[in-house]
1. Identify which of the listed values of Cα extents along the principal axes in Å was calculated from the structure shown: [x] 62, 27, 26; [y] 70, 36, 29; [z] 66, 40, 33.
2. For the chain, find the longest principal axis of its Cα atoms and tell me its angle to the long axis of helix 164-176, 0 to 90°, nearest 10.
3. Leaving ligands, DNA and RNA out of it, report the carbon-plus-sulfur percent of the accessible area of the stretch 33-154 at a 1.4 Å probe.
4. Taking the simple approach of a point 7 Å from Cα along Cα-to-Cβ for both Ala176 and Arg90, what is their distance in nm?
5. Extension gain Glu66-Asp24, at 0.36 nm per residue separation less the Cα-Cα distance, in nm?
6. Where the only charges are on Cβ atoms (+1 Lys, Arg; -1 Asp, Glu), what is the dipole of the stretch 1-109 about its Cα centre, to the nearest 20 debye?
7. Within the stretch 57-93, name every residue whose backbone N is under 17 Å away from a label modeled 7 Å from Cα of Ala101 along the Cβ vector.
8. Per residue, how much accessible area does the chain have with a 1.4 Å probe, in Å²?
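The values are calculated or read from the model by the stated rules, or taken from the named source; none is laboratory data. The structure presented is a predicted model; accordingly, all values stated were derived computationally and were not measured. Every residue, glycine as well, gets a Cβ built from its backbone with ideal geometry; the counts of neighbours run over all protein chains shown. Heavy atoms of the whole protein, side chains included, go into the accessibility calculation; ligands, DNA and RNA do not. Shrake-Rupley method; radii C 1.70, N 1.55, O 1.52, S 1.80 Å.
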Amino acid sequence: MTESTRLSDDTLAEQQAWLAEQADAIIQASGISEGWYELLGDGRIRDWTGPSSERSAYIEGYYPRECAGTGTGQNRISLHNDSVGESPVRTADQVRHFWEAQGWTVSPLGPQDETGRDYRADREDGAILTLLTTPDRMVFEVYTSCSADESVGNWMEHARAKNEFEEELATREQAAE
């Protein structure tokens, strides 16, 4: 969605936590608390507003893509809902007003008619939010700012790194041999 030259130093864990916070804030602003899901590439869905284990797997399993050259990364989350409440326009406008109140610069995308709305919100650091509402569906995406932190820019190595518990187990296994 974006190629950013503005870099932050957010870690992978900070990006992932921010994605979850923003998703929760958008859900709250929409007034529709249930029915949010991730649409997986093979057509399956993973429930966001369901068990926390699915939610954790979603966030922790999503890794950044390069955004401003080697050693940088930007994370993204996309959630869908097959409900738009009483009115897709009212629901979208509630989210837009919330974003504006939070200091985001909000712009309409495409036609803005009585069947739905499509908005994009930008922040100075390059983070982006989008929302699409139609009479029968709502989708939002959240993009983090582009980060040059080692855990983001080299996330494959970071993902393979052992945590303290795994390191202790390996040390004990080696000592037992």
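1. [y]
2. Long axis of 164-176 versus the principal axis of the chain: about 20 degrees.
3. Carbon with sulfur: 47 percent of the solvent-accessible area.
4. Here the modelled spin labels are 6.2 nm apart.
5. 12.6 nm
6. 180 debye
7. Of the residues in the stretch 57-93, 90-93 have backbone N under 17 Å from the label point off Ala101.
8. 56 Å²
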